[in-house]
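Engineer: Pasting in a structure now, in structure tokens, and then I'll have a few things to ask.
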Amino acid sequence: MASKPGSLRHSLAVLGTAAVAVEVLLALADGAAAAAGGLALITAVALALVRYAAGGAAQDSGYRRPVRLLDSRAPALGGWRRIVAKALADGGEAHLATVMRPQLQRLFAARLAERHGVAMYRNPQRARALVGAELWPWIDPEATTPQPTLPEPVLRSLLDRLEAL
């Protein structure tokens, strides 16, 4: 039975033929000791490849957690106090745009995915309906903030909505 090039059977046949050819050449050129060394090397490489191929499915066979929507280094409570203070302070426009808003977007994306099965970045209309039209502009990933600064009542409403989701 002929196997298609690129298939596992074809690859094994080619590798097996090459291994036998190398063994014959080693035996003819350098004798039995070289052939025995070559056989040991080929066996070790074959076992390593079989082990690698057999464990390939173990990498992600359902045990890995779902994709993390939050950064691996989420701010602790003290970090959040600093982030909020800087975003609410005078001149906090840059901090709002670069730190506070992305953190809020990640939190909302995680909550929407976790509790409602909604991917905020792929289905923004559904996410907007869940978050609410009045708060959505503050976390909309496709738009800029509606104001350069974040009013404290809006932040409180965002956090209350996040908790309610």
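The values are calculated or read from the model by the stated rules, or taken from the named source; none is laboratory data. None of the values given here were measured: they were computed from a predicted structure. Note: ideal-geometry Cβ built from the backbone for every residue, glycine included; neighbour counts use all protein chains shown. Areas reflect the complete protein model, heavy atoms only, side chains present, ligands, DNA and RNA absent. Shrake-Rupley method; radii C 1.70, N 1.55, O 1.52, S 1.80 Å.
Engineer: Just to be sure, is residue 40 out of contact with any Gly (no Cβ under 7 Å at 6 or more places or on another chain), under 30 Å from residue 26 (Cα atoms) and modelled with pLDDT of 75 or more?
Structural biologist: yes
Engineer: Based on what the data block shows, is residue 109 modelled with pLDDT of 85 or more, among the small types (Gly, Ala, Ser) and surrounded by 13 or more Cβ atoms within 10 Å (Cβ to Cβ)?
Structural biologist: It is true that residue 109 is modelled with pLDDT of 85 or more, among the small types (Gly, Ala, Ser) and surrounded by 13 or more Cβ atoms within 10 Å (Cβ to Cβ).
Engineer: Next up: Checking residue 129 against (1) among the small types (Gly, Ala, Ser); (2) at pLDDT below 80; (3) assigned to a helix (DSSP H, G or I), only one condition comes out false. Which one?
Structural biologist: Among (1) among the small types (Gly, Ala, Ser); (2) at pLDDT below 80; (3) assigned to a helix (DSSP H, G or I), the lone unmet condition for residue 129 is (2).
Engineer: For segment 118-165, which positions are over 20 Å from residue 94 (Cα atoms), under 26 Å from the mean Cα position of the chain (by Cα) and open to solvent by 70 Å² or more (accessible area, probe 1.4 Å)?
Structural biologist: Of everything in segment 118-165, those that are over 20 Å from residue 94 (Cα atoms), under 26 Å from the mean Cα position of the chain (by Cα) and open to solvent by 70 Å² or more (accessible area, probe 1.4 Å) turn out to be 121, 122, 125, 126, 128, 163.
Engineer: Within segment 24-47, track down each residue that is surrounded by 13 or more Cβ atoms within 10 Å (Cβ to Cβ) and out of contact with any Leu (no Cβ under 6 Å at 6 or more places or on another chain).
Structural biologist: Residues satisfying the conditions are 25, 26, 27, 36, 39, 41, 42, 46.
Engineer: Look through segment 83-99, keep the residues that are outside any loop (DSSP other than H, G, I, E, B) and farther than 13 Å from residue 144 by Cα, and return whichever of them is modelled with the highest pLDDT.
Structural biologist: It comes out as 99.
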